[in-house]
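Participant: Sharing a structure, written as structure tokens. Questions coming.
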Amino acid sequence: MQRVVLVGCGAMSKAWFEASRAIGDIDIVGIIDIDTERAEARAREYGLDQSIISDDLPSVLKKTQPELLFDIVIPQARHATVSAGLDAGCHVLSEKPMAETLDEARDLIGRAKRAGRIHAVVQNRRYVPQIRRICRLIRSGAIGEVTSLHCDFFLAPHFGGFREEMRHVLLHDMAIHTFDAARLFAGVAPSAVYAREWEPDNSWYAQGSSAAAIFEFSNGAVFTYRGSWCADGMRTSWESAWRIVGSRGSLVWDGHDDIQAEAVTSGRDGLFSEVAAVEIPPLDRSDRTGGHLGVMQDFIAATRGGPAPETVGAENIRSLAMVFGAIDSAEAGQRVEITI
């Protein structure tokens, strides 16, 4: 049984409490929030009456000596929270984004390495079953080498709270899920990006609710992104709508359950090569799914001697670099190189 201190009891914390309860082999000994009444409400909701409730993370870390810290704070508080956990000897699992800046992300990677601890990020949409199945098809070579990826993300959520005041809200808070999936599908590192943001008249966000970006990958593949968080009607999935083009075929995914692929056969029908439907492979036992639960299971297994989770900070920073590359490009109005 590992002891856990959980920091941050906003709306997102429900998924963490649910996943923790499903795992069952951890003990949440401390619950931290700047609003202690909110922390107390979460404790009551999940039957954690024995947990210490506080707004003082350092004192709770000292008192409870946990092995794990779950970080669900707002992005501005992430670096301080993760640093405190690592300094206290904890393995840390963070909500995304990994950090507010690339410099902070690099610093956290260094801190985790020096502490000999794991810092991983809840990139939970990697654990969507359909994404695992698409990866399995791409890796099989059925549509050849990936040459381009294209996705649309159009929703209109009224969150309230900090998101509606954020700058670069779509790119900074949400697009990392799509960018991370594109990087996973492409299987290579991003190298450059050109992006633009704009604010439609109907937007209720402070800045950056709509964006478009063109990414270049190190192998020459291109990824195009179109998105908005104030697009009412005809909404896409939270996972976006995708087209992935390979050297021998293409795949389309509606972001829900419908995945279709076709690949070139040996013949030609007039102007066009003949194609045939490609079966989408089923999940394999090795394919971890389950959203927050899947990420948390991999993280906890790693803290007990298992392999490093695929969302460990030193890996996840590559997706974060796509976000900040797009933001830098939008601010500068020009193509920028992506560096880690």
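The values are calculated or read from the model by the stated rules, or taken from the named source; none is laboratory data. Keep in mind that what you see is a predicted model, and the values were worked out from it rather than measured. Because the Cβ atoms are built from the backbone with ideal geometry, glycine has one as well, and the counts that use them run over all protein chains shown.
Participant: Where in the range 168-256 are the strands (runs of 3 or more DSSP E), entirely inside, with at least 3 residues that are touching a Ser or Thr at 6+ places or on another chain (Cβ under 9 Å) and touching a residue at least 40 places away in the same chain (Cβ under 8 Å)? Outline the logic, then answer.
Facilitator: Values: elements: 190-198, 210-217, 222-228, 241-246, 249-253.
Correct list: 190-198, 210-217, 222-228, 241-246.
Participant: Could you tell me whether any residue of the range 305-318 is part of a helix (DSSP H, G or I), of a type in the set (S, T, Y) and not assigned by TED's automatic domain parsing to the domain that holds A189? Let's see the steps before the verdict.
Facilitator: Start the filter on the range 305-318 by keeping residues that are part of a helix (DSSP H, G or I), which leaves 313-318.
Next, only the ones that are of a type in the set (S, T, Y) stay: none.
Checking the range 305-318: not a single residue is part of a helix (DSSP H, G or I), of a type in the set (S, T, Y) and not assigned by TED's automatic domain parsing to the domain that holds A189.
Participant: Of W198, W253, which residue is out of contact with any Pro (no Cβ under 6 Å at 6 or more places or on another chain), surrounded by fewer than 19 Cβ atoms within 10 Å (Cβ to Cβ) and among the aromatic types (F, W, Y)? Spell out how you get there, then give the answer.
Facilitator: Numbers: W253 fails: surrounded by fewer than 19 Cβ atoms within 10 Å (Cβ to Cβ).
From the options W198, W253, the qualifying one is W198.
Participant: Then there's this: So V73 passes all but one of these: (1) modelled with pLDDT of 95 or more; (2) in contact with a Leu (Cβ under 9 Å, 6 or more places away or on another chain); (3) assigned by TED's automatic domain parsing to the domain that holds V29. Which condition number does it fail?
Facilitator: (2)
Participant: Among the listed residues A22, A39, A43, which satisfies the condition of being in contact (Cβ under 8 Å) with a residue 40 or more places away in the chain, under 27 Å from the mean Cα position of the chain (by Cα) and more than 22 Å from R117 (Cα to Cα)?
Facilitator: Numbers: A39 fails: in contact (Cβ under 8 Å) with a residue 40 or more places away in the chain; A43 fails: in contact (Cβ under 8 Å) with a residue 40 or more places away in the chain.
After ruling out the rest, the residue left standing is A22.
Participant: If you don't mind, there's one more thing I want to ask. Go through F299, F324, F272 for me and flag whichever is in the same structural domain as T178 (by TED's automatic domain parsing), farther than 23 Å from T147 by Cα and of a type in the set (A, V, I, L, M, F, W, C).
Facilitator: Details: F299 fails: in the same structural domain as T178 (by TED's automatic domain parsing); F272 fails: farther than 23 Å from T147 by Cα.
Within the list F299, F324, F272, the selection yields F324.
Participant: Six or more apart or on different chains, Cβ under 8 Å: which pairs go from a residue in the range 267-287 that's at pLDDT below 90 and outside any loop (DSSP other than H, G, I, E, B) to one that's surrounded by 10 or more Cβ atoms within 10 Å (Cβ to Cβ) and not β-branched (V, I, T)? Could you list them?
Facilitator: What qualifies is G267/S273; G267/E274; R268/E274.
Participant: Moving on to the next point. Go through the range 24-34 and give me each residue that's out of contact with any Cys (no Cβ under 6 Å at 6 or more places or on another chain), closer than 30 Å to F324 by Cβ and not in a strand (DSSP E or B). Don't jump to the end; show me each part of the working.
Facilitator: Here is the first cut: in the range 24-34, the residues out of contact with any Cys (no Cβ under 6 Å at 6 or more places or on another chain) are 24-32, 34.
Filter again for closer than 30 Å to F324 by Cβ, leaving 32, 34.
Within the range 24-34, I34 is the sole residue that qualifies.
Participant: Right, something else. Among the residues of the range 58-78, is there at least one that is without any contact (Cβ under 8 Å) to a residue 40 or more places away in the chain and either crowded, with 21+ Cβ neighbours inside 10 Å or within 14 Å of D27 (Cα to Cα) (or both)?
Facilitator: yes
Participant: Among the candidates I131, I143, which residue alone is part of a loop (DSSP other than H, G, I, E, B), in the same structural domain as A276 (by TED's automatic domain parsing) and either within 16 Å of the chain's Cα centre (by Cα) or more than 24 Å from T101 (Cα to Cα) (or both)? Steps first, please.
Facilitator: Values: I131 fails: part of a loop (DSSP other than H, G, I, E, B).
It is I143.
Participant: Could you list, in sequence order, all residues of the range 229-250 that are under 19 Å from the mean Cα position of the chain (by Cα) and surrounded by fewer than 22 Cβ atoms within 10 Å (Cβ to Cβ)? Reasoning before the result, please.
Facilitator: Going residue by residue through the range 229-250, those that are under 19 Å from the mean Cα position of the chain (by Cα) are 229, 236-242.
Hits for the range 229-250 are T236, S237, W238, E239, A241.
Participant: Checking F159 against (1) crowded, with 18+ Cβ neighbours inside 10 Å; (2) modelled with pLDDT under 95; (3) assigned to a loop (DSSP other than H, G, I, E, B), which test does it fail?
Facilitator: Single failed check for F159: (1).
Participant: Only one of L86, L108, L149 is within 30 Å of V278 (Cβ to Cβ) and crowded, with 16+ Cβ neighbours inside 10 Å; which? Write out each step before concluding.
Facilitator: Details: L86 fails: within 30 Å of V278 (Cβ to Cβ); L108 fails: within 30 Å of V278 (Cβ to Cβ).
Just one listed residue meets the conditions, L149.
Participant: What is the residue count in the range 12-38 for residues that are among the aliphatic types (A, V, I, L, M), at pLDDT below 95 and closer than 20 Å to L61 by Cα?
Facilitator: Going residue by residue through the range 12-38, those that are among the aliphatic types (A, V, I, L, M) are 12, 15, 19, 22-23, 26, 28-29, 31-32, 34.
Pick out the ones that are also at pLDDT below 95 and you get 12, 15, 19, 22-23, 26.
Then drop every residue that is not closer than 20 Å to L61 by Cα, which leaves 26.
Total meeting the criteria: 1.
Participant: Something else now. Quick check: is even one residue across the range 267-280 touching a helix residue (DSSP H, G or I) at 6+ places or on another chain (Cβ under 7 Å), under 29 Å from T311 (Cβ atoms) and either surrounded by fewer than 18 Cβ atoms within 10 Å (Cβ to Cβ) or polar (S, T, N, Q) (or both)?
Facilitator: yes
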